[in-house]
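Taken together, the values in this text are just the output of simple stated rules run on the coordinates, not laboratory data. The structure presented is a predicted model; accordingly, all values stated were derived computationally and were not measured. Every residue, glycine among them, receives a Cβ derived from its backbone with ideal geometry; neighbour counts consider all protein chains shown.
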Amino acid sequence: MLFRSKRRLKNCANKCKIYNRGNVPRAVPTRTVPQTNVIIVSAPSGSGKSTLVRRLMEQVGGLVFSISYTTRDPRGEEKNGLDYFFVAKEEFQAMLGRDEFLEWAEVFGMHYYGTSKRFLDEARASGQDLLLDIDVQGARQVRAKLAGTISVFILPPSRQELEKRLLLRDGRVIERRLQQAATEIQGYAAYDYVLINKELEHASQCLNAIVLAARNGSSAAPECKRLAESCRTAMVEKEIQPILETFK
């Protein structure tokens, strides 16, 4: 059900595109004060989430991307204010004391990660949607605080494929990440949509359609609506179960 021809996906992309903010035809009514949708995207490390999110930002737009705060040190070419806001543990705890986080977590008992509330304020002030790239624990906190969130969980096709991707990306496979992935994917049922990232172009079109369908409501292109609905968690349940089996 998730797979369609490349031509149909291309048609959907073209139809969805006309409803994108900044490229709305005059004949389509626009909202005077756009509602801010909060879009949560979660996935095990190595599932391709960062690539899909980057493509979403480039192709759809109208999104404020929340950059997380963390107390860990930068890795590789990570840059402060671009990949994360790297802060001292004392500063993070001070922000906690001032109730500045929409969600936060302590990971592996070593480092803190959190999403500042200011990104939600910025999105609302600018009439844009807020995109949160957060883990299962953070997503649970946000859903408890904010009604009407749109949540998407990205799954790899199998444990074996995830292991291969981690090896290509990092040059080694960290067993702890695979164990963490096995735990995280058990929470997929709490999400509105599940994308199985078997083929990048298809998964990207699906994520774009989900955001545009939520943003435009009844004005969304029918093809976008159909593609988004095909990714509903209940609709892909039969495809999810074999993937879960590979993590046992």
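Need the full-extension length gain, Asn80 to Ala125, defined as separation in residues times 0.36 nm minus the C-alpha distance. One decimal, nm.
13.8 nm
List the residues, sorted by chain then number, that are 5 or more residues from Ser68 or on another chain and whose placed amide H is less than 5 Å from its amide H.
Long-range HN contacts for Ser68: Phe85.
So what J values fall out for segment 199-214 if you push phi through Karplus, 6.51 cos²θ - 1.76 cosθ + 1.60 with θ = phi - 60°, rounded to Hz, Gly and Pro as x?
Listing the rounded values in order: 10, 4, 4, 5, 4, 5, 4, 5, 5, 4, 5, 4, 5, 5, 5, 5 Hz.
How big is the antiparallel share of DSSP beta bridges in the chain, given as a percent to the nearest 5?
35 percent
Rounded, prolate or oblate: pick one for segment 79-168, where a ≥ b ≥ c are the square roots of the eigenvalues of its C-alpha gyration tensor, a/c under 1.5 means rounded, and failing that, prolate if a/b is larger than b/c, else oblate. Mind dumping the intermediate values first?
Values: a/c = 1.86, a/b = 1.30, b/c = 1.43.
Verdict is oblate for segment 79-168.
For segment 113-231, how big is Rg over Rh, using alpha carbon atoms and the Kirkwood form of Rh?
That ratio is 1.00, to two decimals.
Run the simple label-point estimate for Val107 and Leu200 please: 7 Å along Cα→C-beta, distance reported in nm.
Each label point lies 7 Å from its Cα, and together they span 2.2 nm.
Mind checking the dipole of the chain: about its Cα centre, +1 per Lys or Arg Cβ, -1 per Asp or Glu Cβ, Debye to the nearest 20?
Its charge dipole is roughly 1080 debye.
Between Phe65 and Gln160, what length in nm is gained on full extension when 0.36 nm per residue of separation is reduced by their alpha carbon distance? Show your work: numbers first, answer last.
Details: separation 95, 0.36 × 95 = 34.20 nm, distance 3.06 nm.
Taking 0.36 nm per residue and subtracting the Cα distance, the gain is 31.1 nm.
I'd like the Karplus ³J(HN,Hα) series for segment 49-56: coefficients 6.51, -1.76, 1.60, θ = phi - 60°, whole numbers in Hz, and an x wherever there's a Gly or Pro.
3J(HN,Hα) across segment 49-56, in whole Hz: 4, 4, 5, 5, 5, 4, 5, 4.
Report the gain in length on full extension from Arg118 to Ala88: 0.36 nm times residue separation, minus Cα-Cα distance, nm rounded to one decimal.
Taking 0.36 nm per residue and subtracting the Cα distance, the gain is 8.9 nm.
Give the long-range amide H neighbours of Ala43: residues separated by 5 or more places, or on another chain, with amide H under 5 Å away, using H modelled in the peptide plane at 1.01 Å from N.
Close amide H contacts, sequence-distant or interchain: Ile154.
If you plug each phi of segment 217-227 into the Karplus form 6.51 cos²θ - 1.76 cosθ + 1.60 with θ = phi - 60°, what whole-Hz ³J(HN,Hα) values come out, in order, with x for Gly and Pro?
Each residue of segment 217-227 in turn: x, 5, 8, 5, 4, x, 5, 5, 4, 5, 5 Hz.
Evaluate the relative contact order of segment 52-203 (contact order divided by residue number), counting alpha-carbon pairs under 8 angstrom at least 6 apart; express in whole percent.
21 percent
Once you've got the Cα coordinates, tell me which of Lys49/Lys164; Lys89/Lys145; Lys79/Lys145; Lys164/Lys248; Lys164/Lys198 are over 21 Å apart.
Values: Lys49/Lys164 15 Å; Lys89/Lys145 25 Å; Lys79/Lys145 30 Å; Lys164/Lys248 17 Å; Lys164/Lys198 13 Å.
Beyond 21 Å: Lys89/Lys145; Lys79/Lys145.
Quick one: net charge of Leu132's neighbours, Cβ under 11 Å, K/R +1, D/E -1? List each step's numbers first, then the result.
Values: positive: Arg143; negative: Glu103, Asp129, Asp133, Asp135.
Residues near Leu132 contribute -3 overall.
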